[in-house]
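This report refers to the structure that appears directly beneath it.
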Ligand SMILES: [Cu+2]
């Protein structure tokens with residue numbers, strides 16, 4: 001496990017922050033990995049190869065299509081189902097979604113209509 005060193009100059013507040021519960025995995029980079037995703041019904045934008053990343057991920061999501069889309073992530077953490085989603089984006093709208101997940105494979109997809117069945121999906125592999 002990669003325990004962060006706490007240097008002597010940290011304030012008590014900072015120490016409290018460090019002590020907060022975390023689902024972090026070992027060797028998590030400090031900076032999230034940024035992934036730009038353009039959602040579009042024309043390309044069914046997420047029907048692509050699995051995305052493999054380490055540590056936290058920052059999705060920069062843009063609806064580049066003509067219909068509403070959103071980005072959802074689902075999977076299991078510790079045997080429990082979880083799901084998180086951006087709001088439904090109108091055409092041209094952008095948002096960000098940052099996740100910090102245990103290592104594993106998750107589904108990312110568009111929860112609008114039947115878009116997932118139409119190919120707006122991919123695997124997200126957290127290493
Ligand atoms: Cu969609």
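Every read-out reported here was derived from the displayed coordinates using simple, explicitly stated rules and does not represent laboratory data. The model shown is predicted, which means the values in this text are computed figures rather than measured ones. Reconstructed Cβ throughout: ideal geometry from the backbone, glycine too, with neighbour counts over all protein chains shown.
The figures follow:
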{"quantity": "Burial ordering of 74, 41, 83, fewest other beta-carbon atoms within 10 Å first", "calculated": "83, 74, 41"}
{"quantity": "Residues 120, 58, 98 arranged by fewest to most Cβ contacts within 10 Å", "calculated": "98, 58, 120"}
{"quantity": "Fewest-first sequence of 85, 40 by Cβ atoms within 10 Å of each Cβ", "calculated": "85, 40"}
{"quantity": "Pair-distance profile P(r), taking every C-alpha pair of region 27-126, with 5 angstrom steps and integer %", "calculated": "3, 14, 25, 26, 18, 10, 3, 1, 0"}
{"quantity": "Of all DSSP beta bridges in region 27-126, antiparallel share, percent nearest 5", "calculated": "70"}
